[in-house]
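Working notes, beginning with the structure itself.
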């Protein structure tokens, strides 16, 4: 496991946290409305931890696949994707590198997470078993209620136990401690829990809390769920015409004589802030019904929360479909002139502009490398690939990217030189460029050359200077290492390279007193990298056929 494997989880936690914050903000304008409304908002914030937006985006993508109409993706589609997934790493250029080793920190984090889940499951199973034992030991009571009623010898508060087949557990002798009116209010409170299926929603949140035990927001959401759940049942009891004083006194009597249930998914009487509950009950304040404006606000929020990710998935799928159509369409130059060079002794260059390609005195081998964006060691073909030079002047008719320009150059080579190739993976001796334990000793550079400057030879030493990527550095080192150098650093971006090492044709007569280090030692000491010899699977482009003379215009 590596940090990249944790990216989807980090994005999901970020999205769920933001969604919970939005639900919390939405409860403020609804604080004078019914508690049941706020309860469902908090439950939605909890359930969001089980439903990643990526799932809804995927559903939207599938809908787009079966939609005949083509949807033009707006400019903000990529921005939405980046904001919703802030931990997504930038795509790296594919390299011929083996899979990254397991990161020990990630493995430890995974182990701690699994241990936390195990501890949570064990804790709640113990509570559940205790309540099951209480239920089996209880005696049935003949009360005319929608659910079975049992009398328990345990000093537990009245509560509803069970999800699919709930039962009401009453402590033995409760009728001796409460008046008939008080007992009726307690039973009315518990029947409200049954109608609302509070045990089911409590079990759902309990499961989420076990899975994401490390997130403190879920522990706070649990307190809000309990508070709003009990407040919703209090409002329901008061709306039945129950006297506030009788109801408040019944709750206080239960608290004096009984203890709360150990299981979170058993709905009792004494949950939430008791002092605040009693004060609210005595004020006989019940939440208002939702106005038309607030119903519209909630409806809009629900539609946005569901339709937003679905629409994003549809837009992304539409954009990808257009990209695939664009990739499928052959790219070609609007006009191209190819002329053989009579002598290879003149100057040469390879210049890529937004709408033009200028080539001077370069071989077919070099053109193929540029067209397929390959290092020199990744091309295999006849020796004649480097013998003849060509001048090319080609225009695209519109500004294109470097990737599109390479694709157009490939098409030009296929059309005019009848180039045919195939790919092979060959295991051969190579160096793997890795980072030393102490980390790289190179400074990060803002940008690099499209083609880094050529090595400079000064007496017995060779110098590599300038900003370049690790792939470009590997290509430069390949020229001097005697075998391919494969980038396995996983370092992205550009770095300022200052490397000095001994040349192959070391001449003691040119010795100035300072003996330059060998290449492998110089890479370690000056860059904080290491060349590890071994055998690597190298992807090779094999030239099956290419004409020495291009087809005339």
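Here, each number is a calculation from the coordinates, and none is a lab measurement. Because the structure is predicted, anything quoted here is derived from the model rather than measured. Using ideal geometry, Cβ is built from the backbone for each residue, glycine included, and neighbour counts are taken over all protein chains shown.
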Check: What is the mean projected area of the alpha carbon convex hull for the stretch 336-416, to one decimal in square nanometres?
Finding: 5.3
Margin query: Applying a 10 Å radius around every beta-carbon, put 395-405, 287-297 in order of their mean neighbour count, most first.
Written below: 395-405, 287-297
Notebook entry, point to check: Mind checking Rg over Rh on the stretch 123-174, alpha carbons, Kirkwood formula for Rh?
Noted result: 0.96
Notebook entry, point to check: So for 215, 545, fewest C-beta neighbours within 10 Å to most, what's the order?
Noted result: 545, 215
Notebook entry, point to check: Hey, can you rank 407-419, 33-45, 332-344 by average C-beta count inside 10 Å, highest first?
Noted result: 33-45, 407-419, 332-344
Checklist line | Kirkwood Rh, angstrom, the stretch 103-285 [1 / mean 1/r, Cα pairs] | finding: 17.5
Note to self: Given axes a ≥ b ≥ c from the Cα gyration tensor, I'd like to know whether the stretch 341-387 is rounded (a/c under 1.5), prolate (a/b larger than b/c) or oblate.
What the structure shows: oblate
Item checked: Sites residue 352 and residue 443 - FRET efficiency at Förster radius 30 Å, r taken between beta-carbons, to 0.05 -> 0.65
